[in-house]
1. Over segment 126-216, what is the relative contact order in percent, taking alpha-carbon pairs closer than 8 angstrom and at least six residues apart?
2. With angles folded into 0 to 90 degrees, how steeply does helix 185-194 sit against the dominant principal axis of the chain? Use alpha carbons for both and round to 10.
3. Segment 207-239 to segment 60-120: how many Å between their Cα centroids?
4. Using only Cα atoms, tell me the angle between helix 233-249 and the longest principal axis of the chain; keep it within 0 to 90° and round to the nearest 10.
5. Per DSSP H run of n ≥ 4, the term is -39500 (n - 2.57); total these for the chain, divide by its residue number, and report the mean residue ellipticity at 222 nm rounded to 500 deg cm²/dmol.
6. Can you tell me, using C-alpha contacts under 8 Å and at least 6 residues apart, the relative contact order of the chain as a whole percent?
7. So how far apart, in nm, are the two label points at Ala301 and Ala101 if each is 7 Å from Cα heading toward Cβ?
8. Going 7 Å from the Cα of Glu31 in the Cα-to-Cβ direction, what parts of segment 119-153 have a backbone nitrogen less than 19 Å from that spot?
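Just so you know, all these numbers are worked out from the coordinates, no wet-lab data involved. These numbers come from a predicted model, not from an experiment. Note that each Cβ is placed from the backbone with ideal geometry, even for glycine, and that neighbours are counted across all protein chains shown.
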Amino acid sequence: MIRDRLPALGLVSLLVLCPVPAPAADWGAVEIANERIAPGEVRRFTYQGQRSFEGSFVDFPVFVARGVKPGPTLCVTSGIHGDEVNSVEIARRVFAGVEPAELSGTLVVLPSVNTLGFRTRQRNMVDRRDLNRAFPGSANGSVASIVAHTVFNGVILGCNYLIDLHTGSNLRTNYPQVRADEANPRAMELAHWFGVGLIITGPGPSGAIRREATQRGIPSIVYEAGPPYLFLESEIERGVEGVRNVMSRLAMTAAPPSESVSKVLVRSRWLRVPRGWGGIYLPRVGVGDVVAEGQLLATIADPVTDQVHEVRADIDGVVIGMSLPQVVLSGSALFHIGEIR
């Protein structure tokens, strides 16, 4: 059962009643943020803070679908970085396709955790902190820490599994990839079940929601694909497919998972702008392209001297992340090239 640990909250809710079969006798209601959701119900409500100047920053939507049959609670978060808009549409679309009469367990979706950032196309919180470095948060910390504390204690700790949706950021784009801690077999199982893109292993940075949830016994993965600021239908479809694959593997739905198989990244390195090569960067390859050592990847033109530099691959591999065309400086990250198992 999910119980809110911050009782002083005002909630705006929308209840959708669907004709559903009678729930299992031992499968009752769940409580989220003082809202009671019975089997067969769908709720969309706003998790809001106290009526105060700073309390207004605790303001994010919560979608909950309670199935009629027992099963796990899967949480899907998105929009933790406000500029990563594609993640928001993936989460919204996943929830829109759920029928509680056909669902076993509970699906909890937080489609826009950093709501103000999403509205204003800003990556970080209003206090200029990265929300995904603030978990599990503190009720007595910064604005980012307070929001993280509300999300983590009010929702995440009551879930059995977590999928956190992201895109590239800072004018970079990513090849579809799932990130999981290889030291946690259940998290790695989720990553393989997702079945979309490649798997990059590692615990994740301190304060990231995925790392903190995994450390508390909630197997968690991150899905990253595409660039910031833009909605890409192809990446939305892949993300929705991956989440639905996980739901199928968890026996939350009867739909069969796709037959996609994810490969694991063995090693990778970033190719950066050499010293003195700053200027106008124009790539010649894209994410997902297989490249060979010595292959031309991009040109960088110095608009002052009119000198053009050629950026070439220094290893064989696959482009799993890259900067979008832009002005770059010495040391700027250009291409993330990896070897895939």
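1. 28
2. Helix 185-194 and the main axis of the chain meet at about 80 degrees.
3. So the two Cα centres are separated by 12 Å.
4. With rounding to tens, the tilt is 50 degrees.
5. After summing the helix terms and dividing by the residues of the chain, the value is -5500 deg cm²/dmol.
6. The value is 14 percent.
7. 6.1
8. 150-153
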